[in-house]
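None of the figures in this text is laboratory data; all of them are computed from the coordinates on show. Every value quoted in this text rests on a predicted model; they were computed, and no experiment measured them. Because the Cβ atoms are built from the backbone with ideal geometry, glycine has one as well, and the counts that use them run over all protein chains shown.
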Amino acid sequence: MIRTIAFKERRYIEELRILTRATALDCIIDDRFGRIIYLIKEGDMGLAIGRKGSNIRKMQRVLGKRIEMVEYSPEIENFTKNVFRPARVVGVKREDDGRLTVYVHGGDLGIAIGRGGCTIEKARLLLPRYFSASLGEVLEGDGSHA
C-alpha cells in the first residue's frame, strides 16, 4: 500500500524529529478532534514521549494542538494494543471480512472508547492505513474469544 504524506504532515514529522530525536513513520492531522496523531518507529516511543511526557507537552506548545503517539508494530495484534493504550487489550479477533473485534479488560471499556469516541476514531484511521483490516466492535472480554 502506497501512502502519500502531504507537505504539512512532513513538516510536523520533521518538527517531532528536531524536538525529540525520535523517528515518526507517519502523521495524521485529525481536525475533528483537534489533534495530531504520530506513528512512532518501533523502539522510539520513550524518546518521543520524553521524561514524564515533557516532549509531548513541548510539541503541544509548539504546534498548538493535542499530540497523540502510537508505536508501530508489524503484527496487527500488537499494533492494535498500541492504538488502544492505556486501555488493556486482552484479545484481538480478526473476522473473515477483515474486521477486527477488540476485547478489552473489564474496567477499561471507557478508556478504549475515549472521550467522544476519539480512541475508536484513531483506530479507524490507522488500521486500514497499515493493515487490510477495519475496526469492528470493541467489547469487554477476558481474551478467551480471540
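The H on the amide N of E140, modeled in the peptide plane, is under 5 Å from the matching H of V104, each at least 5 residues off or on a different chain.
Between R85 and I5, the FRET efficiency from the beta-carbon distance, with R0 = 22 Å, is close to 0.40.
For the peptides 23-32, 37-46, 5-14, the ranking by packing is 37-46, 23-32, 5-14, with the highest mean count of neighbouring Cβ atoms within 10 Å listed first.
Computing semi-axes √(5λ) of the Cα gyration tensor in Å for the structure here picks out one of (i) 26, 17, 14; (ii) 80, 15, 10; (iii) 30, 17, 12, namely (i). In order along segment 72-78, the Karplus-derived 3J(HN,Hα) couplings, from 6.51 cos²θ - 1.76 cosθ + 1.60 at θ = phi - 60°, round to 6, 8, x, 8, 5, 5, 5 Hz, and Gly and Pro are given as x. Taking every C-alpha pair closer than 8 Å and separated by at least 6 residues, the mean separation divided by the residue count of the chain gives a relative contact order of 17 percent.
Rounded to the nearest whole Hz, the Karplus-based 3J(HN,Hα) values (6.51 cos²θ - 1.76 cosθ + 1.60, θ = phi - 60°) of segment 90-106 follow the sequence 9, x, 9, 10, 9, 7, 5, 7, x, 7, 9, 9, 10, 10, 10, 4, x, with x at glycine and proline. Derived scalar couplings between HN and Hα for segment 128-134 equal x, 6, 10, 9, 7, 9, 10 Hz in order, rounded to whole Hz, by the Karplus curve 6.51 cos²θ - 1.76 cosθ + 1.60 (θ = phi - 60°), x for Gly and Pro.
Close amide H contacts of T23 (hydrogens built in the peptide plane, cut-off under 5 Å, sequence separation of 5 or more or a different chain): K41. Label-to-label distance for L109 and R17 is 4.3 nm, based on points extended 7 Å past Cα in the beta-carbon direction.
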